[in-house]
Structure formats: structure tokens, C-alpha cells
Amino acid sequence: MARIFSGIQPSGELHIGNYLGAVQNWVRLQTEHDCLFSIVDLHAITQPYDPGALASLTLDMAVSLFAAGLDPGKCIVFVQSHVAEHTELNWLLTTLAPLGELERQTQFKDKAQRQESVTMGLLAYPVLQAADVLLYKASLVPVGEDQVQHLELMREIARRWNARYGHDFFPEPQPLLTRTKRVLGLDGKAKMSKSLGNTIGLFESPEAIWEKLRPAATDPARKTRKDPGTPEICNIFTLHQGFSAPDTVEEVAQKCRTAGWGCLDCKRVLADNMIKTLAPIRERAAALKRDPAGVLDRLRDCANRARSLAQRTIADVRGKMGLLKDV
Ligand code: TRP
């Protein structure tokens, strides 16, 4: 059984963009593979952040992941900083990480441009990411297109380590690209993201969902009810593909192309299906929020399981890198 690792930043409660883009797929993967999913708080602190808010954003993300259907009986969901071995392997790997490649990462360049002071942590972000995955010798990494370059660097680090310290010790992890198209925000312009305020949260009420969907952007070619549209360029259609059954998706596409339905008709069908999908998630979230100690128990148990896997790798890595054995 292939081992899978993926990470998500502690951005608080999930929105439907995160859900369709990543987490829905993780929920599927947990039944077929040996999976670890980490809330990567140590990555989050590589950019300006509020230390007073980080812990509750981390807990909210845990609630979201469990509510969305990740089950500690089927996979490991843990907080990165709870397993100190991530930082240890990170250090050991920095000694092999190619500086030029790190400086050439597009994510690094983008983030660095927006900051007055560029830190080692920001530069080493992909090294920590490599440590996350290699620590568990995971071979598959479900991610979006934007992480492909980090994965290439991760494989380079694994190859260098293997060449120097032990052939075939680390597998070279491959990305498992998520199929869903990029979900745009309700404005239909930028990617759905909390900081832009163009999201629908995973726990929103049926009323709130409809209030947000009603005015959401559609294909601009449909100026009046009679103008036909192109479903492939409409964000509402993308959402249908995430929340509606295949035959509905087909019907929606046809009614859009022929102007059989107006955009509002199309959105009503979407709202119904979205509300149906999200209802059990919202219920689970409410129960989890009433029991934060229970959420922490799950995280602790998962961190213990992750740590025992991590410790095995670290012991071997220390030995192969020639560090004196502790007595
Ligand atoms: N960099 C990833 C992102 O922003 C998050 C992440 C951290 C990750 N560690 C990881 C993803 C390990 C996959 C594997 O989405």
C-alpha cells in the first residue's frame, strides 16, 4: 500500500475551494491508502502572522478536516509542530539542499517580493516540505499544480541524500495532481481565498449559501436571460462539477448553452446540491466545536502515531549520516 502525505496551512475553517481542491480528495484517499495529513503550522510562520491567532486557526483547521470526513481510524491527521522530528530532518536536509534551486522557486520569489525582510525560513520552506514527506518515506503527495516545483526539489534532495548516504533509502515522491479545476471566488476573477473575502465557508448555513451564490459571477456573455453561455468558462459550472451528480452537470451544461435556464435557475440547483453535501459536514463540525478537548485528544493520538513512524526514520538517518549514537 502506497504511503501518502500531504499538508495544509492552518488558515482556520475550510472553504469550498479548499474542499473541492484538496480535502475531498484526501477523504477519498484515506480508504485506499496509508495516509498522513498534516496541519503545517511551521510552514505558516515563514510569513508574517499573528502569534495570538495561530493556535486557534490550527484548531479550527483540525475541526474542519475531521468534519469534512478525515477519520483518525483511517488516517493520521496531526499538527506538524507536535512531531519535533520534522524540524530535525529539516536541518539534516538543509545540508544537501541546493541553494540555487531554492532561490529559483517561483513561490519563494513571489513571497520574497512582498516582504521587506526575506528570511532563511522562507527560503527553506521547500526543505521543510521535503522533510515532511521523506520523514514517513511517503511516495505519493496529493497537491495542486502550484506545488509541482517543490516536489521536483524534494526529489532532488532525496536523490542527493540517497547517493551520499544510502541507496534507495528515501523513495522519490511523486505528485498526485488533483483533478478538480481551480475554484475561483464568487467574484469569478481571483482564486477563492479567505483573504479576498470571496469564499463560501464549509459550515455556512443554507441561507448564507444562497445569499452568496445568488449574486455570484457567471459567464459575462449571458447579459440577459436569452443569451446562451459557455459552461466551461463559468465558475458556477465548476462548482456544479464539484457538488452535483454527473447527469445534473450534463443537464446544466446543455441548459446554459441553449439559454434553456437563466443563471439564477442554474444557481438554485447548485445551491440545493451544495446544501445537501455540506449538511452532514456542518453537523459534524457543530459536534466537534462543542468538544474541543475531544479534538485535542484526536490530535494527540495522531501525533503519537506519526511520531513513532518518524522516530524510526530519524534513527536510521542519524546512523547513516554518521552521527554518534546517543546512549
Ligand atoms: N506547501 C504546501 C501548500 O502550501 C503545504 C505543505 C507543507 C505540503 N508540507 C507539505 C504539501 C508536504 C504536501 C506535502 O499547499
Run G7 past the list (1) part of a strand (DSSP E or B); (2) open to solvent by less than 20 Å² (accessible area, probe 1.4 Å) and report the number of the one that doesn't hold. (2)
Taking the condition buried (at least 17 other Cβ atoms within 10 Å of the Cβ) and not in a helix (DSSP H, G or I), does A97 pass? yes
Would you mind stating whether D60 is closer than 19 Å to F5 by Cβ and either open to solvent by less than 60 Å² (accessible area, probe 1.4 Å) or more than 14 Å from the chain's Cα centre (by Cα) (or both)? no
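Pull up the range 28-51, narrow it to residues that are away from the ligand (no atom under 12 Å from the Cβ) and buried (at least 17 other Cβ atoms within 10 Å of the Cβ), then point me to the one that is nearest to G69 (Cα to Cα).
Per the stated criteria, the residue is Q30.
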Of all residues in the range 202-247, which are open to solvent by 30 Å² or more (accessible area, probe 1.4 Å) and assigned to a helix (DSSP H, G or I)? P206, E207, W210, E211, K212, E232, I233, Q241, P246, D247
Can you find a residue that is touching a Phe, Trp or Tyr at 6+ places or on another chain (Cβ under 7 Å), of a type outside the set (V, I, T) and buried (at least 16 other Cβ atoms within 10 Å of the Cβ) anywhere in the range 166-188? yes
Of all the residues that make up the range 175-211, how many are in contact with a strand residue (DSSP E or B) (Cβ under 9 Å, 6 or more places away or on another chain), among the β-branched types (V, I, T) and modelled with pLDDT under 90? 1
Do we have G100 as out of contact with any strand residue (DSSP E or B) (no Cβ under 9 Å at 6 or more places or on another chain), farther than 30 Å from K289 by Cβ, of a type in the set (G, A, S) and free of Cβ contacts under 8 Å to residues at least 40 places away in the same chain here? yes
Across (1) charged (D, E, K, R); (2) away from the ligand (no atom under 11 Å from the Cβ); (3) part of a helix (DSSP H, G or I); (4) under 20 Å from the mean Cα position of the chain (by Cα), D132 clears everything bar (2)
For the range 10-27, enumerate the residues that are assigned to a helix (DSSP H, G or I), away from the ligand (no atom under 13 Å from the Cβ) and open to solvent by less than 30 Å² (accessible area, probe 1.4 Å). I16, Y19, L20
Condition first: open to solvent by less than 20 Å² (accessible area, probe 1.4 Å), within 10 Å of the ligand (Cβ to nearest atom) and at negative phi. Can you find one or more residues in the range 154-165 that meet it? yes
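Table: residues versus (1) within 19 Å of T313 (Cβ to Cβ); (2) at pLDDT 95 or above; (3) open to solvent by 20 Å² or more (accessible area, probe 1.4 Å).
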position: L89; (1), (2), (3): yes, yes, no
position: E101; (1), (2), (3): no, yes, yes
position: Q107; (1), (2), (3): no, yes, yes
position: K111; (1), (2), (3): no, yes, yes
position: V127; (1), (2), (3): yes, yes, no
position: L134; (1), (2), (3): yes, yes, no
position: S139; (1), (2), (3): yes, yes, yes
position: E145; (1), (2), (3): no, no, yes
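Take the residues in the range 279-319 that are among the basic types (K, R) and closer than 14 Å to L135 by Cα, then tell me which one is least open to solvent (accessible area, probe 1.4 Å).
First, the residues of the range 279-319 that are among the basic types (K, R): 282, 284, 289-290, 298, 300, 305, 307, 312, 318.
Cutting the leftovers down to closer than 14 Å to L135 by Cα gives us 305, 307, 312, 318.
Working: R305: 81, R307: 65, R312: 159, R318: 90 Å².
Among residues in the range 279-319 that are among the basic types (K, R) and closer than 14 Å to L135 by Cα, the one least open to solvent (accessible area, probe 1.4 Å) is R307.
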(1) within 16 Å of the ligand (Cβ to nearest atom); (2) not assigned by TED's automatic domain parsing to the domain that holds S308: which one isn't true of L213, the others all being true? (1)
For the range 135-153, enumerate the residues that are of a type in the set (A, V, I, L, M) and either under 16 Å from the mean Cα position of the chain (by Cα) or away from the ligand (no atom under 14 Å from the Cβ) (or both). L140, V141, V143, V148, L151
Being away from the ligand (no atom under 11 Å from the Cβ) and touching a helix residue (DSSP H, G or I) at 6+ places or on another chain (Cβ under 7 Å) is the requirement here; does T95 meet it? no
Looking at the range 305-314, can you tell me whether even one residue there is over 30 Å from S64 (Cα atoms), part of a helix (DSSP H, G or I) and not basic (K, R)? yes
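The values are calculated or read from the model by the stated rules, or taken from the named source; none is laboratory data. Bear in mind the structure is a predicted one, so any value in this text is a computation, not a measurement. Reconstructed Cβ throughout: ideal geometry from the backbone, glycine too, with neighbour counts over all protein chains shown. All accessible areas refer to the heavy atoms of the entire protein, side chains included, with ligands and DNA or RNA removed. Shrake-Rupley method; radii C 1.70, N 1.55, O 1.52, S 1.80 Å.
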